Amino acid sequence: YFTPQKKQRTHLFRSEFRLEAHRIHLLQQLQLIFPIKLVTIHVSANPPDDYPQHQYTIAGLPLPEDIHTLAITDDQVSTTLGFLCHFVALMSKYLAIPLRYTVVCKWSRSAILFDSTSGRGNNSASSSSPSWGKVVYPLFRERGAIDREQLDYGLVLLERNVDCLLRTRGVGFRHTWNVLAKMDKLLMQVIEGEDPSFGGNAG
């Protein structure tokens, strides 16, 4: 015999299960659109000892550890960062986890907002033009036009968003990991049903 309380708990669990299954389906589609891979770097000349042997890519485009490296063009870096911004924004939406700093997704001209009045980002929907008290940090590279320190800080804010997603879902990570490595682990852990924040088995 099921009491009303047991029926309600069963209904809530089934609803949670269906919602998580739907999220997994969306994330699987996202994985096809923005595949993350760790690839070998092929160098023809003799590289220095500290030259990286591998790098992460998203949708086939590399995201170097040194975002200012001359080995990759401004357009390539900007497009890669645009893909990453869209990826983070969609993960936030599908997982129903608000981002601490608002990401302005404009592909190779993306940006991130910092609320200088509160010290935090603005989670509300926003246009590309920030209101008074908000600072826009670029998430694209254009030599001679974009300040290097502004881009670096924009990347810091974006990575804080990523770290927040992982912590909220209870996914373990190291701060020194590449941001794409963090996103890949979050994606795989949710898809494979190993997420500790979900009580059921969505597999």
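The values are calculated or read from the model by the stated rules, or taken from the named source; none is laboratory data. All figures in this text were calculated on a predicted structure; none of them were measured in a lab. Neighbour counts run over all protein chains shown; Cβ positions are idealised from the backbone, glycine included. Just the protein is used for accessible areas: all its heavy atoms, side chains included, with ligands, DNA and RNA removed. Shrake-Rupley method; radii C 1.70, N 1.55, O 1.52, S 1.80 Å.
List of remarks:
- Residues in the range 31-44 that are open to solvent by 60 Å² or more (accessible area, probe 1.4 Å) and of a type in the set (A, V, I, L, M) were compared, and the one that is modelled with the lowest pLDDT is Val43.
- Residues of the range 59-109 that turn out to be among the β-branched types (Val, Ile, Thr), assigned to a helix (DSSP H, G or I) and either open to solvent by 60 Å² or more (accessible area, probe 1.4 Å) or in contact with a helix residue (DSSP H, G or I) (Cβ under 8 Å, 6 or more places away or on another chain) (or both), as a count: 2
- Here the range 160-180 is the region considered, the condition is being farther than 22 Å from Gly193 by Cβ and either touching a Pro at 6+ places or on another chain (Cβ under 7 Å) or charged (D, E, K, R) (or both), and the residue that is least open to solvent (accessible area, probe 1.4 Å) is Asp163.
- Among the residues making up the range 1-43, a single one is of a type in the set (Gly, Ala, Ser) and more than 24 Å from the chain's Cα centre (by Cα): Ser15.
- Positions within the range 140-159 being touching a residue at least 60 places away in the same chain (Cβ under 8 Å) and crowded, with 16+ Cβ neighbours inside 10 Å, in sequence order: Phe140, Arg141, Leu151, Leu155, Leu158
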